[in-house]
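Inspection log for the structure reproduced underneath, given as structure tokens.
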Amino acid sequence: DAVLTHSLAEADYLRREAPGIHAHVVPWALQAAPRAVPFDQRRGIAFVGGMRHAPNPDAVRWMAAEVLPRVWARDPAMLCLLVGADWPELMWGRIDPRLQLTGQVEKLDMVFDLVRLTVAPLRFGAGVKGKVLDSFAAGLPCVMTPIAAEGIPLDDVLRSAVTGDPAAMADLICDMHDQAPLHDAQVQAGLALIRNVYTEDAVTAALETVVGVGGPREGIATQV
């Protein structure tokens, strides 16, 4: 009766590939919770994601080879925390120590209170990327590739943090890390997106549209 997806991009894809289906975008709900730790008391960046999800190790390898050396050319002291499960410690002897293995944490807030922004250098993958929305909800900018941004209704401010070019990504990371006004503009845009789009009310409204509350498609409710 209906197909639900979180992603604007995937809804468009489904409509193209399966004409006549009823594809609906339904977000999920997040709580905006900006950092209480001031900007000048945090430093560094973080990548969030487990090793067993294939896009993540590819992203880390690309970031370590192509992006971070350019970051370190500008800021040799910049640390990048790698947060997530199952990363093998044996590989760390072959990677710059400034890319630090944090591993799995009980709450991401423990990391978000330490760093100034996150990075999502994904080169393939599907769906809306939770690591990006989690960063926005925590009041952190996210520098990301087009794949990481796919399916999220970014405004012009947030789109300015999207690039697939490693040199441009390194510049964005350094600029957003060091320039408080630029950083704050990204923070406010990310929080506004969460507060306006990724809410319980938005989820309810989208599902009501799908199931046709009070209308002829009411019977879909039990199937959804």
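Just a few scattered comments:
- Those strands (runs of 3 or more DSSP E) of the range 1-92 in which 1 or more residues are modelled with pLDDT under 95 and surrounded by fewer than 19 Cβ atoms within 10 Å (Cβ to Cβ) occupy 3-5, 23-25.
- Cβ separations smaller than 6 Å between residues 6+ apart or across chains give the following pairs from the range 154-167 residues that are under 11 Å from residue 66 (Cβ atoms) to residues that are assigned to a helix (DSSP H, G or I) and open to solvent by 50 Å² or more (accessible area, probe 1.4 Å): 164/146; 166/66; 167/70.
- Considering only residues in the range 100-112 that are over 30 Å from residue 25 (Cα atoms) and hydrophobic (A, V, I, L, M, F, W, C), the one that is most open to solvent (accessible area, probe 1.4 Å) turns out to be 110.
- Of the residues in the range 157-172, at least one is out of contact with any Pro (no Cβ under 9 Å at 6 or more places or on another chain), at pLDDT 95 or above, among the hydroxyl-bearing types (Ser, Thr, Tyr) and surrounded by fewer than 22 Cβ atoms within 10 Å (Cβ to Cβ).
- Residue within the range 113-127 that is open to solvent by less than 40 Å² (accessible area, probe 1.4 Å), free of Cβ contacts under 8 Å to residues at least 60 places away in the same chain, closer than 29 Å to residue 12 by Cα and β-branched (Val, Ile, Thr) present: no
- Residue count for the range 128-147 satisfying the condition of being hydroxyl-bearing (Ser, Thr, Tyr) and surrounded by fewer than 21 Cβ atoms within 10 Å (Cβ to Cβ): 0.
- The listed residue being small (Gly, Ala, Ser) and under 21 Å from residue 186 (Cα atoms), out of 9, 65, 33, 2: 33
- Selection count where residues are touching a strand residue (DSSP E or B) at 6+ places or on another chain (Cβ under 8 Å) and among the hydrophobic types (A, V, I, L, M, F, W, C), scope the range 25-70: 12
Every residue, every condition in (1) touching a Gly at 6+ places or on another chain (Cβ under 7 Å); (2) farther than 18 Å from residue 147 by Cα, yes or no:
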site	(1), (2)
16	no, yes
31	no, yes
44	no, yes
49	yes, no
52	no, yes
55	yes, no
58	no, no
61	no, no
72	no, yes
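- Cβ-Cβ under 7 Å pairs, at least 6 apart or on other chains, the range 48-69 side within 16 Å of residue 89 (Cα to Cα), far side open to solvent by 60 Å² or more (accessible area, probe 1.4 Å): 50/86; 51/86; 52/86
- Residues being of a type in the set (S, T, N, Q) and surrounded by 14 or more Cβ atoms within 10 Å (Cβ to Cβ) - total across the range 173-187: 1
The values are calculated or read from the model by the stated rules, or taken from the named source; none is laboratory data. Quantities reported herein were computed from a predicted structural model and do not represent experimental measurements. Heads up, the Cβs are rebuilt from the backbone with ideal geometry, glycines too, and the neighbour counts pull from every protein chain shown. We work out accessible area using only protein heavy atoms, side chains counted, and drop any ligands, DNA or RNA first. Shrake-Rupley method; radii C 1.70, N 1.55, O 1.52, S 1.80 Å.
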